[in-house]
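The next block holds one structure in the form of structure tokens; read it before the comments.
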Amino acid sequence: MLRKRVQMRMLVALLVVMTFVSAPLPALAQKTSPVAPSKAQVEAVVREAYEKFKSDTNGKNADYIPYLAQVDSKLFGIAIVTTDNQVLSMGDIDYSFSIQSISKVFSQALAMEEHGPQKVFEKVGSEPTGRAFNSVFAVADMPTHTGNAYVNAGAIATVSLISGATADQKWNKILDFYSRAAGEKLKLIDEVYKSEAATNTGNKALSMLLAKYDRIYADPFESVDVYTKQCSVGVNVAQLARMGATLANNGKNPATGEQVIKSQNIPHILSTMIMAGLYDGSGGWAWHVGLPAKSGVGGGIVAVVPGKGAIAVFAPPLDEAGNSVKAQKVIEYVANRLDFNLFSPRSVGLKGE
């Protein structure tokens, strides 16, 4: 009789698992947040957002990088990856676009892996500059550091902190780190790199200004070249969402189970994303959406919902600040419908009257 009761309990437990897990999950995947919306809710809201904004033609492609100006402006993809490795995607999900400034988040993470957050804070900083992302004046205005890792000067300084005997060693280390965060091998889009390398005089000037103030920690032009390569890494929207989900999952890739980023570094990264992740639009983004996010002029935005997952959207036309118009609208819609605002008690299950 006891044996039968044990067998019955095992059968019930198995049925419960089969009910709630729609696909096999890796053994090391984290459990879903207790206040995360159901898969059905997420699917419905994402589909609504896709249909609502797919015909939006506002904004224009970045044209100061010749390659980006030629990307099809009608491309549009959405992906969500949760901390328990559920994946939802729709639209142009296989197109590989250049990660651009979103790369800055993961180079910041790599620099902290090597040097610790305090040294990166001291050498680079985490303050909004109040100026454009490529501002020369911002470098001169801040005498002790470069502002933050997401303005160009700060990103170049961050790259200069990453160890390596040669530029190739640094580059390969960065690419490997990005790939581990994505859970898949990523590649350089060589055409993007060549296009950017031919037009990056402004970044070279920033690197020399940093050298004047002793705020760059390796060869200036070498650091610019590695930085240009990191911006030219190709990702599709699902890979980008998984990189975001790795941040949401306390640094552990939800697909591979690898602890890519130290958990103690995650709050520092997410706080910088809130303050400077969307260029001059970061304050408005925090006000309206309330999620740590990072955009790139290639048309991608990834937003992190700590403990729940990440949403990535790709749509090339940008606003004047350099952020994808359609991606902002989609993420704001989804975040509002699913109570994802980090600053709202609703995000942890406390409902208002």
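The values are calculated or read from the model by the stated rules, or taken from the named source; none is laboratory data. Computed from a predicted structure; not experimentally measured. Heads up, the Cβs are rebuilt from the backbone with ideal geometry, glycines too, and the neighbour counts pull from every protein chain shown.
The figures follow:
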quantity: VAL260 of a type in the set (Val, Ile, Thr) and touching a Ser or Thr at 6+ places or on another chain (Cβ under 6 Å); calculated: yes
quantity: Candidate set from the stretch 17-48 (those that are in contact with an Asp or Glu (Cβ under 9 Å, 6 or more places away or on another chain) and of a type in the set (A, V, I, L, M)); member that is modelled with the lowest pLDDT; calculated: VAL21
quantity: Qualifying residue in the stretch 71-86 (condition: closer than 16 Å to GLY300 by Cα, of a type in the set (S, T, N, Q) and surrounded by 16 or more Cβ atoms within 10 Å (Cβ to Cβ)); calculated: yes
quantity: Selection count where residues are among the small types (Gly, Ala, Ser) and either at positive phi or not in a strand (DSSP E or B) (or both), scope the stretch 75-93; calculated: 1
quantity: Strands (runs of 3 or more DSSP E) fully within the stretch 288-345 counting 1 or more residues that are touching a strand residue (DSSP E or B) at 6+ places or on another chain (Cβ under 9 Å) and surrounded by fewer than 24 Cβ atoms within 10 Å (Cβ to Cβ); calculated: none
quantity: Every residue from the stretch 239-258 that is small (Gly, Ala, Ser) and at positive phi; calculated: GLY251, GLY257
quantity: Filtered residues of the stretch 219-265 (kept if under 27 Å from LYS123 (Cα atoms), in a loop (DSSP other than H, G, I, E, B) and touching a Leu at 6+ places or on another chain (Cβ under 8 Å)); calculated: SER232, ILE261
quantity: Lone qualifier among VAL260, VAL235 - being within 25 Å of LYS119 (Cβ to Cβ) and surrounded by 22 or more Cβ atoms within 10 Å (Cβ to Cβ); calculated: VAL260
quantity: First in the stretch 202-216 and closer than 10 Å to ALA153 by Cα, second anywhere and basic (Lys, Arg), Cβ under 8 Å, 6 or more apart; calculated: ARG215/LYS123
quantity: Residue count for the stretch 188-229, restricted to those that are of a type in the set (Asp, Glu) and more than 16 Å from ILE65 (Cβ to Cβ); calculated: 3
quantity: Given (1) surrounded by fewer than 24 Cβ atoms within 10 Å (Cβ to Cβ); (2) modelled with pLDDT of 95 or more; (3) among the β-branched types (Val, Ile, Thr); (4) in contact with a Gly (Cβ under 7 Å, 6 or more places away or on another chain), index of the condition ILE102 fails; calculated: (1)
quantity: Residues located in the stretch 266-286, provided they are closer than 16 Å to SER107 by Cβ and either part of a loop (DSSP other than H, G, I, E, B) or among the β-branched types (Val, Ile, Thr) (or both); calculated: ILE266, ILE269, THR272, GLY277
quantity: Odd one out for SER347, checked against (1) more than 19 Å from GLN41 (Cβ to Cβ); (2) at pLDDT below 95; calculated: (1)
quantity: Failed item in (1) surrounded by fewer than 24 Cβ atoms within 10 Å (Cβ to Cβ); (2) touching a strand residue (DSSP E or B) at 6+ places or on another chain (Cβ under 7 Å); (3) farther than 28 Å from GLU43 by Cβ; (4) not charged (D, E, K, R), with TYR67 passing the rest; calculated: (2)
